[in-house]
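Please read the structure below before turning to the comments.
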Amino acid sequence: MPSTAEKGSSLAKALLPLFALSLLAAPVEYLAHEGAHYLAARLFGANATLHFDRVSLGGARLGPWQSLAFTAAGPLADWVVGIAALLLLVRRYTPLRLVFAIWLARPLQFLPALLGIDLPSVGSGADLRFTDEAVLARAVGLSPEAFIWLETAVAAPLLAEIVLLMPPPRLAVLATLALGVFTGWAGWLIFGQYVLP
């Protein structure tokens, strides 16, 4: 029977790939999300520029439907990747599938704002007016808050399923994933501007 030290060492070895992959989750998500906006803008003829946290349109004016498609492209990329990864995760657990499946947690980044907490230093301000969700909310006649709560309500059971699909010990896996994602997110907010100014 393995000793406690051996079990701990074995767990650490199992969690290390997850931590490494989760460090990259936020930067890759930002690039995919903003990349989808960028591709939509280019598709509509804009001379777009990809930045680390946004896409500038180079003075182009998009029509109303083009603007809506441009705005929806980023969140749509997050949801498509997250759902596809969750479907793969249901078939078989791998750390990479888990890291991509948590892209479904996108609406959780707005929870501080919904609760009236302003955290601009970590990229989560209380002003939701300029988010993709606010633009999409206006298009369907909802407030940004109502749209984000609806998005959260859709994501919550999917995120619960992801937790249930994690191998034991789930708390260690969840903690490792969260630590890696938040560290990667902070790193991207600090250093991303030097990668894609």
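Sub-6 Å Cβ pairs linking a first residue in region 31-46 that is free of Cβ contacts under 8 Å to residues at least 12 places away in the same chain and farther than 12 Å from ASP78 by Cβ to a second residue that is of a type in the set (D, E, K, R) and in a helix (DSSP H, G or I), at least 6 apart or interchain, number zero. Of note, LEU21 satisfies the criterion of being modelled with pLDDT of 95 or more and either in a helix (DSSP H, G or I) or more than 25 Å from VAL195 (Cβ to Cβ) (or both).
Has region 94-109 got any residue that is hydroxyl-bearing (Ser, Thr, Tyr), out of contact with any strand residue (DSSP E or B) (no Cβ under 9 Å at 6 or more places or on another chain), surrounded by 16 or more Cβ atoms within 10 Å (Cβ to Cβ) and not in a helix (DSSP H, G or I)? No, region 94-109 has no match at all.
If you check LEU171, LEU114 for being modelled with pLDDT under 95 and not basic (Lys, Arg), only one passes: LEU114.
Take the conditions (1) surrounded by fewer than 16 Cβ atoms within 10 Å (Cβ to Cβ); (2) free of Cβ contacts under 8 Å to residues at least 40 places away in the same chain; (3) more than 17 Å from the chain's Cα centre (by Cα); VAL90 misses just one of them, which is (2).
If you check HIS37, HIS33 for being modelled with pLDDT of 95 or more, closer than 29 Å to VAL181 by Cβ and within 14 Å of the chain's Cα centre (by Cα), only one passes: HIS33.
The values are calculated or read from the model by the stated rules, or taken from the named source; none is laboratory data. Keep in mind the model is a prediction, meaning the values are calculated, not measured. Please note: Cβ atoms are built from the backbone with ideal geometry, for glycine as well, and neighbour counts cover all protein chains shown.
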